[in-house]
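Undergrad: Handing you a structure now.
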Amino acid sequence: MPIIELGYGHSAKTFEYDAERFEVLAPVEATAHPLSDVEIGAALDAPIDSPPLDEVIAAGDSVLIVVSDATRATGSAQIVNLLVRRLIQNGIQPGEIAIIFATGIHRAVRPDEKSELLTPFIAQRIRTIDHDAYDSAQLIKIGMMKQGAPIEVNRALKEFDKVIVNGAVGFHYFAGFTGGRKSICPGLAAAHTIEATHMLALDFERGGRRVGVGVGLMDDNAVNLECERVAAMIDPVFTINAIVDDRGRAERVFAGHWRKAHRRACENYLVEHSLKITERREVVVVSAGGSPYDINLIQAHKALDMAAQACVDGGTIILLAECPDGLGRADFLKWFDSADSGELETRLRTRYEVNGQTAWALLTKAERWRVHIVTELADEDVRRMRMTQASSIEEALSKISASAKGYVMPRGGAVLPVM
């Protein structure tokens, strides 16, 4: 029988499966390859709906480069290294360049992670800035949300002459896609601004998700549109959007206008990472994809959301997620004191919090499917979230019919099953 390696933290779990019973759902990457420095340089020289980089940034400018944090694989080590060198060649002094991590409400990036995200060479020579969404001293008001809340972002976005955004495009379960505008909002926004944009994902009048909000959706997605509106207030002069392979290496780069290049990348990603299925099946074995996608449960949940697209109601989903950083938030478990997802949604209506929505999304799936998880999380925490802990894939499979057909998703967050 065939054997597949499923990412689990920095290692993998081996799964020997019956090909007559299980079908593998994975991106088709037969023609893709990690881009060379020359190929990335060519993408920078042929930007989408934008003048070339050397025409939008001139000697004497101060430049802020926005990069993702350790919860994302973006190919930033290679891309930012090339970008910084090119800026210096074009007359920008190293002291006039800074790199800021778009952490949103995530924890700060650790020194070892900075070296990994930027290369030690860049991390040691270029100033880095740590965003804190709760530190009012870092924040500046730039406008108002449509519902009346103030829009505040990191003041560095206004203190530098030019802003360049670097990130990766992938599926997002309610913003549609990652990357692009999300590096500004929520990435560098104040906590209350992040809450105001994320709240748009829910319809508190009818209940559940707002129409137009969901994975792969952009044009009528209220969350995406508001994040784009905030990003437009900053108006970055250039963006570099990567599509990465299973090892986090850039295999496609879409550079240019902050919105149009990102939209082009999203269109490409949707075509190449959507997989047609003829039926939903009784069991789905899904890996978050290993590190950094399973750094914590809040991040790993995104793979669970994709697996649900391929599983019949009442079926079984087996999620592999090491979660070395735990749940992702110390207060995440409080939401599971709710009797059910309906009660949790009522709590969100009266006192909304960003990760409360993630808890709601997780609980709705735990109620609709039997979710088993192979993880390093505490068993008590797993049970509190209405999931069942398993020591292995085989242990979880032993609890269901041996004839049940299923899917295997080695990169859960990178595949959208569609009927």
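The values are calculated or read from the model by the stated rules, or taken from the named source; none is laboratory data. In this text the structure is predicted, and so the values were computed from the model without any measurement. Neighbour counts run over all protein chains shown; Cβ positions are idealised from the backbone, glycine included. Only protein heavy atoms, including side chains, enter the accessible area calculation; ligands, DNA and RNA are left aside. Shrake-Rupley method; radii C 1.70, N 1.55, O 1.52, S 1.80 Å.
Undergrad: Residues that are in contact with an Asp or Glu (Cβ under 7 Å, 6 or more places away or on another chain): find the strands (runs of 3 or more DSSP E) completely inside segment 138-202 holding 2 or more of those.
TA: 139-144
Undergrad: Give the residues of segment 81-103 that are closer than 21 Å to GLN138 by Cβ, open to solvent by less than 10 Å² (accessible area, probe 1.4 Å) and of a type outside the set (Val, Ile, Thr), sorted by residue number.
TA: ALA98, PHE101
Undergrad: Another one. Output the residues belonging to segment 280-309 that are in a loop (DSSP other than H, G, I, E, B) and either farther than 22 Å from LYS399 by Cα or in contact with an Asp or Glu (Cβ under 9 Å, 6 or more places away or on another chain) (or both).
TA: Result: ARG280, ALA288, GLY289, GLY290, SER291, PRO292, TYR293, ASP294, ILE295, ASN296.
Undergrad: Pull up segment 1-28, narrow it to residues that are open to solvent by 50 Å² or more (accessible area, probe 1.4 Å) and among the charged types (D, E, K, R), then point me to the one that is farthest from VAL80 (Cα to Cα).
TA: Per the stated criteria, the residue is GLU20.
Undergrad: Got a number for residues in segment 15-24 being farther than 19 Å from ALA307 by Cβ and either touching a Cys at 6+ places or on another chain (Cβ under 7 Å) or not in a loop (DSSP other than H, G, I, E, B) (or both)?
TA: 1
To keep it simple, each residue is scored yes or no on (1) surrounded by 20 or more Cβ atoms within 10 Å (Cβ to Cβ); (2) touching a Leu at 6+ places or on another chain (Cβ under 9 Å); (3) within 26 Å of ASP61 (Cα to Cα).
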| residue | (1), (2), (3) |
| --- | --- |
| GLU228 | yes, no, yes |
| ALA232 | no, no, yes |
| PRO236 | yes, yes, yes |
| ARG247 | no, no, no |
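Undergrad: Also, I was wondering about something else. Among GLY7, GLY41, which is the only one that is under 20 Å from the mean Cα position of the chain (by Cα), of a type in the set (Gly, Ala, Ser) and not in a loop (DSSP other than H, G, I, E, B)?
TA: Result: GLY7 is the single residue among GLY7, GLY41 that is under 20 Å from the mean Cα position of the chain (by Cα), of a type in the set (Gly, Ala, Ser) and not in a loop (DSSP other than H, G, I, E, B).
Undergrad: For residues in segment 362-372 being under 25 Å from ALA175 (Cβ atoms) and crowded, with 22+ Cβ neighbours inside 10 Å, which is farthest from the chain's Cα centre (by Cα)?
TA: VAL371
Undergrad: Another one. Of all the residues that make up segment 373-399, how many are assigned to a loop (DSSP other than H, G, I, E, B) and open to solvent by less than 30 Å² (accessible area, probe 1.4 Å)?
TA: 5
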